[in-house]
1. Provide Rg and Dmax in Å for chain B, with only Cα atoms included in the calculation.
2. At 7 Å along the Cα-to-beta-carbon direction for both B:Asn3 and A:Ala104, put a label point, then send me their distance in nm to one decimal.
3. Give me the orientation-averaged projected area of the Cα convex hull of the protein assembly as shown, in nm², one decimal.
4. Quick one: if you stick a label point 7 Å off each Cα along the C-beta vector at B:Asn135 and A:His25, how many nm between them?
5. Just to confirm the numbers: A:Arg124, label point 7 angstrom along the Cα-Cβ line, distances to the other copies in nm, shortest first?
6. Within 10 Å of each residue's Cβ, count the other Cβ atoms and sort B:Leu14, B:Leu64 from fewest upward.
7. Hey, what angle do you get for helix B:58-80 against the long axis of chain B, alpha-carbon based, 0 to 90 degrees rounded to 10?
8. If we count every other residue with Cβ under 15 angstrom of A:Val144's Cβ, Lys/Arg +1 and Asp/Glu -1, where does the sum land?
There are 2 protein chains.
Amino acid sequence: MKNEAFQECYPDDLSHCYGCGKNNHEGHHLKSYWHGQQTIAHFTPESYHTAIPGFVYGGLIASLIDCHGTGSAAAMAFRNEDRAMDTLPAIRFVTGALNVNYLAPTPQGVELELMGSFSEIKARKIIVDIVVSANGVVCAKGTVIAVKMPQSMAIKT
Amino acid sequence: MKNEAFQECYPDDLSHCYGCGKNNHEGHHLKSYWHGQQTIAHFTPESYHTAIPGFVYGGLIASLIDCHGTGSAAAMAFRNEDRAMDTLPAIRFVTGALNVNYLAPTPQGVELELMGSFSEIKARKIIVDIVVSANGVVCAKGTVIAVKMPQSMAIKT
């Protein structure tokens, strides 16, 4: 299996997400990969992603967890069908619920690591637990309840 | 009481938040106000805050809930001390936990309304429940468990 980021395999019309879409020129372009049975992503916040000087804005951390969660869910759905993520039909998941616990202030100027694990895998609902760490210190833990994207949201552009 | 936004009353060295800080030139500048016993904020997402074309990015919604929650918590703490928010000593809250349930796709090009209510009020912990709606339709509900900011985070700039 190629080591492409999950988000690079999304079809063009589903690649406009501010957090991770390759076609969103203003966005974060988060990239998630398999890491054994887990999923991994790295992201270095911009200097202006501040909460209080020296610490990263919690809203950004929530956003990264969100995108890594839905991306991981899609990747798992493809893996379960034993096909590559760049094959059709596309599978996308959206966030039904997002929970984040902020465990320690997240330092700025450091690459963050997001590690995802799967706690529930069903055809239409996948739960991804994500640990965010900086310099090996866990800063936040989050859970994304990802649900298969309803056809009503899939507007062709 | 003046009808200033909560965030306009934060002291300069605590006003760098990407979501709501008046001194963050790149940020969202969310502004929250009292609305009777509740708190209210309005925000119109940018065109690039996209999830899937036509719908708002969930990470932004989480971010707005986060800032409206911590701002509302600070405002309540000042109200409980019967003093204005622009008086010293400053009180700021940070997010201990953030939960968001996405109930309906959030349409783009619409001003969002965030309405906050208080479900728990203690000296060091305030829980704010927030309803996000667009055109009168509830799109998301969130809860912010806000904890009084530890002194260790209050770095003077």
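1. 15.0, 46
2. Result: 4.6 nm between the two label points.
3. Numbers: hull surface 61.7 nm².
Directional mean of the projected Cα hull area for the protein assembly as shown stands at 15.4 nm².
4. Reported label-point gap for B:Asn135 and A:His25 is 2.8 nm.
5. Label point to label point, same position, other copies: 4.5 nm.
6. Working: B:Leu14 23, B:Leu64 28.
Arranged by neighbour count, lowest to highest, B:Leu14, B:Leu64 become B:Leu14, B:Leu64.
7. 30
8. Values: positive: A:Arg92, A:Lys122, A:Arg124, A:Lys125, A:Lys141, A:Lys148; negative: A:Asp66, A:Glu120, A:Asp129.
Here the charged neighbours net out to +3.
Here, each number is a calculation from the coordinates, and none is a lab measurement. Only a predicted model underlies this, so the values are computations on that prediction, with no experimental measurement involved. A quick note on method: Cβ atoms are made from the backbone with ideal geometry, for glycine too, and the neighbour counts reach across all protein chains shown.
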